[in-house]
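Here is the structure we will look at, set down as structure tokens.
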Amino acid sequence: MIAAKAQRLVVLDANKCVGCQLCMLACSSRLTHVGPAKSHLLIRSAGGIERGFVVVVCRACQDPPCARVCPTGALSPLPKGGVRLSSSKCIGCKNCVDACDIGAVLWDEELEKPLICIQCGYCVDFCPYGVLGVEAL
Amino acid sequence: MSWVKEISKVLYVDLSKKTFWVESREDLFSKWLGGIGVAVQLYKEEVPKGADPLGPENAIVLAVGPLTAVFPMASKTISVFKSPLTGTMAESHAGGRAPAAIRFAGLGAIVIKGASERPVYLVVEGERVRFRDAGTLWGMRSAETVGRVLREALPGAGLRTIMRIGRAGERLVRYANVIIETYRHFGRMGLGAVFGSKKLKALVVIGRRSSKVPKIREYREAYAEILEVARGAATKKYHELGTAANVLPLNKLGALPTRNFLSGRFEGAESISGERLLESLSRRLSCVGCPVACIHLAAIREQYEDEKYFYKVENVPYDYELLYALGSNLGVSDTVGVLKLIKVVEEEGMDAISAGVALAWATEALERGLITKEHTIVELKWGDWQAYSKSLHYIVEQPNDFYKVLALGVREAASRYGGEEFALHYNGLEPAGYHTGPLYHLSLAIGGRHSHLDAGAYGMDEGLASAKARVPEPEEAVRLIASEESWRQVLNSLAVCLFGRRVYGPGAVTKALRSLGYELGEKELEELGKSIYLERHTVKLSEGFRPEDVKIPRRVLETPTPLGFVTEEYLRRGIQHFAETIRKQGR
Ligand code: SF4
Ligand code: SF4
Ligand code: SF4
């Protein structure tokens with residue numbers, strides 16, 4: 001399921017997030033392995049859930065730092081922002097994880113590869129509270 | 001890999017030897033699904049007859065089920081252990097992130113046995129366990145602080161659960177609870193004291209894995225259907241005002257226990273209602289995998305006495321049972337007062353229902369002169385929440401003999417100081433807040449865990465009251481209760497939230513299971529529910545529990561319900577019938 005249009009995921013209002021992680025489960029279920037741990041976005045508490053949640057999604061940067069630090073060229077920047085992962089080139093060094101200041105490069109513990117969001121927006125429809133949206137690039 | 005194989009790993013931890021190992025228990029997960037079904041079997045294997053609930057021979061079993069974290073509202077972890085309050089096998093359920101973390105650590109259950117000689121906490125990551133020293137955390141005044149420290153010290157944010165006890169658990173208050181993610185609990189029957197007796201301060205589980213779904217298309221379809229129902233009328237009440245929505249209707253019905261069940265109506269109900277609390281509502285939260293977000297937090301803003309331009313804002317979770325136990329049942333109608341009492345039990349880590357009922361008994365015992373202020377230290381008076389607040393801390397600190405006994409539960413307190421006729425408990429467990437009628441009270445006497453959730457029989461009473469229908473004979477009532485309790489064993493084995501009981505009818509359950517490769521029909525599920533029901537009750541009988549010995553608090557018979565007075569004869573006949581039936585079936 002590759003996004004057809006040039007679009008990116010946006011957080012409309014993190015304050016409404018209840019931490020249900022339905023978005024994470026939905027993301028993982030696009031493929032064959034289900035589980036929030038295989039999601040390309042992450043919902044975590046903002047230092048204790050009484051303070052609400054941090055909704056960590058890839059911003060589809062124009063000049064993506066993750067791609068710049070990749071030693072093998074496994075991450076290629078897209079013309080309008082964001083990156084694509086070419087899994088066969090990736091050696092699992094985790095440079096990209098460290099390079100992303102917002103922590104949006106998540107890690108697949110089973111495959112030892114990064115989880116790179118493809119901005120498809122599948123998760124958006126699963127959020128019961130309208131926290132997530134997509135916008136055209 | 002089959003789904004059963006996928007979910008059937010059991011992690012065993014021995015706190016005495018500081019060892020751990022993982023076993024695949026497909027035998028159990030294929031026969032008993034998961035959750036309560038499997039947990040009861042693990043309990044049978046691990047806990048010897050005559051075990052001291054607070055001795056190293058007791059074991060803590062935590063289990064999740066086949067739907068956990070992959071279907072909406074499949075968001076409960078089932079704990080089973082021997083209760084220090086009732087002395088028999090006990091059960092308590094909790095949500096938060098625990099089920100998803102356990103499941104995606106790759107586990108179906110965790111068994112913790114033995115006892116550590118010094119305070120420890122455990123970090124489970126996948127199949128690996130680290131034993132960490134808890135010397136710094138032990139004795140901390142607030143369980144919230146413990147959570148904060150662990151949150152900052154450990155990895156896995158968003159994919160982990162942090163279960164911990166407060167001081168109440170450390171000091172073996174028999175109704176201490178285990179707090180999860182700050183606002184969820186293994187609330188009832190004293191799991192916190194069992195943690196404390198094992199010197200286990202906290203259990204952190206980090207789940208970073210995933211599972212291959214056998215029939216992904218069928219799965220997505222079943223998931224979408226169930227999600228739609230879960231977001232609709234079936235859960236509307238929990239989604240909107242939350243369980244606090246019960247306060248006003250129960251009060252109107254005359255079923256809201258007030259001042260130690262002296263009345264079913266509370267003149268201050270309005271100010272502790274879900275509607276009123278809306279004014280302080282600050283945040284909504286959900287368990288992982290659940291769209292409902294029934295968890296409601298209220299903010300209290302408080303001025304410092306010494307610095308009048310300084311304020312602190314605190315968030316307090318509220319639910320119906322807490323508003324009854326620390327509100328109406330103590331005569332507390334001050335909105336902020338109730339919230340502050342909730343805050344205290346949250347910090348200390350104890351069950352609000354048991355603590356509230358114990359204080360209600362103490363208030364009445366003081367009024368009647370069975371005890372004096374020497375015992376209670378503070379003057380306990382209906383509605384005086386400041387006094388109750390101090391008293392709650394005393395239950396934990398146990399500055400005198402009286403509080404040492406009160407920490408053992410209302411049964412022990414009344415047998416020592418008198419007032420058994422107004423000590424509210426069934427087999428040692430203090431009741432939740434429904435004085436709806438005979439079916440409810442019968443269900444507390446004969447339920448597997450003596451809990452309102454065993455069969456939700458308050459709902460049956462309410463139904464009878466609103467239909468103005470005849471109350472069934474006790475034998476028929478036992479049948480109705482047993483049948484509901486049996487079906488709930490299926491739900492508790494899948495480990496779905498009971499607030500989703502109208503979402504997961506037999507049709508939805510079979511559909512969900514089919515997409516994961518199970519071939520279980522509705523009839524087979526029903527049979528399974530009955531078998532688990534029987535297993536639970538047979539274990540209790542083998543531990544020496546005699547239904548006939550359950551005392552009926554006189555108070556229950558003296559205060560009218562919406563269905564009139566409950567009679568001793570009705571309850572006795574029901575208990576007798578239950579005892580005969582269960583013994584016959586168990587043979
Ligand atoms: S982990 Fe893979 S994608 Fe990320 S920087 Fe290293 S090689 Fe590139
Ligand atoms: S689905 Fe929406 S509310 Fe739930 S965790 Fe994701 S962003 Fe938050
Ligand atoms: S209904 Fe409430 S308790 Fe049940 S799973 Fe949802 S948020 Fe958790």
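Just so it is clear, none of the values below were taken in a lab; they were calculated from the coordinates. Bear in mind the structure is a predicted one, so any value in this text is a computation, not a measurement. For neighbour counting, all protein chains shown are included, and Cβ atoms are generated from backbone atoms with ideal geometry for every residue, glycine included.
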By DSSP, what percent of the beta bridges with both residues in chain B are antiparallel, rounded to the nearest 5? 80 percent
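Hey, what did chain B get for relative contact order, percent, Cα under 8 Å, at least 6 apart? Don't skip to the answer; put the middle values down first.
Details: 1320 pairs, mean separation 90.8, N = 587.
Relative CO of chain B lands at 15 percent.
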Taking the stretch B:314-458, how many lysine pairs are there with alpha carbons less than 13 Å apart, if each pair must be eight or more places apart or span two chains? 4
Vicinal HN-Hα couplings computed from phi for the stretch B:60-77 (Karplus, 6.51 cos²θ - 1.76 cosθ + 1.60; Hz; Gly/Pro x): 9, 10, 10, 9, 10, x, x, 8, 3, 6, 10, 10, x, 6, 8, 10, 10, 9
Once you place label points 7 Å from the Cα toward the Cβ at B:T145 and B:K312, how far apart are they in nm? 1.0 nm
Which FRET efficiency value, to the nearest 0.05, do you get for B:R276 and B:E475 by plugging their Cβ-Cβ distance into 1/(1 + (r/R0)^6) with R0 = 56 Å? 0.85
Through the Karplus equation 6.51 cos²θ - 1.76 cosθ + 1.60, θ set to phi - 60°, convert the phi angles of the stretch A:122-129 into ³J(HN,Hα) values in whole Hz; use x for Gly and Pro. 4, 5, 3, 5, 8, 6, x, 10
Residues in the stretch B:183-215 near a label at A:T32, defined as backbone nitrogen under 12 Å from the 7 Å Cα→Cβ point? B:212-215
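Can you sort B:T145, B:T161 by how many other beta carbons sit within 10 Å, fewest first?
Details: B:T145 14, B:T161 26.
With the sparsest Cβ surroundings first, the list reads B:T145, B:T161.
Please sort through the DSSP H helices of chain B and keep those with an alpha-carbon extent of at least 24 Å along the long axis and a Kyte-Doolittle average not below -1.0. Could you put the intermediate results ahead of the total?
Details: long enough: B:474-494 (30 Å, -0.33); B:522-542 (30 Å, -0.81); B:568-586 (26 Å, -1.24).
Going by DSSP H runs, the hits are B:474-494, B:522-542.
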Regarding the stretch B:141-263, what are the three Cα extents along the principal axes, ordered largest first, in Å? 52, 48, 22
When Cβ neighbours within 10 Å are restricted to other protein chains, what is their mean count per residue of peptide B:175-185? 1
Evaluate the distance, in nm, between pseudo-label points positioned 7 Å from the Cα of B:K511 and of B:E23 along their respective Cα→Cβ axes. 3.8 nm
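Calculate, for B:R554 and B:S16, the FRET efficiency according to 1/(1 + (r/R0)^6) with r their C-beta to C-beta distance and R0 56 Å; round to the nearest 0.05.
On the way: r = 44 Å, r/R0 = 0.79.
For B:R554 and B:S16, the calculated efficiency is 0.80.
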For peptide B:203-210, the mean count of other chain Cβ atoms within 10 Å per residue Cβ is 5
Starting from the Cα of B:V336, move 7 Å in the Cα-to-Cβ direction to define the label point; list residues of the stretch B:308-328 whose amide nitrogen is under 16 Å from there. B:308-316
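Determine the gain in length on full extension of the stretch A:N15-A:I91; use 0.36 nm per residue of separation and subtract their C-alpha separation, reporting nm with one decimal.
On the way: separation 76, 0.36 × 76 = 27.36 nm, distance 3.73 nm.
This chain segment gains 23.6 nm when fully extended.
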Contour excess over end-to-end distance, with Cα ends at B:R416 and B:L520 and 0.36 nm allotted per residue: 32.3 nm
For chain B, with the dipole built from +1 on Lys and Arg beta-carbon atoms and -1 on Asp and Glu ones, taken about the Cα centre, which of B:L11, B:G190, B:N329 lies farthest toward the positive end? B:L11
Per-residue ³J(HN,Hα) for the stretch B:256-264, Karplus 6.51 cos²θ - 1.76 cosθ + 1.60, θ = phi - 60°, Hz, x for Gly and Pro: 8, x, 10, 6, 6, 6, 6, 8, x
Working out 0.36 nm times the residue gap between B:E225 and B:E569, then minus their Cα-Cα distance, what length gain in nm do you get to one decimal? 119.2 nm
Under the helix-only model (-39500 (n - 2.57) for each DSSP H run of 4 or more, divided by the residues of the protein assembly as shown), the mean residue ellipticity at 222 nm, to 500 deg cm²/dmol, is -10500 deg cm²/dmol
Residue list for the stretch B:458-478, given a label point 7 angstrom along the Cα-to-Cβ vector of B:Q576 and an amide N cut-off under 18 Å: B:472-478
For B:K530, the aspartates and glutamates lying under 13 Å Cα to Cα, once residues fewer than eight places off in the same chain are dropped, come out as B:E484, B:E485, B:E522
What is the mean number of Cβ atoms from other protein chains located within 10 Å of the Cβ atom of each residue in peptide B:211-218, rounded to a whole number? 3
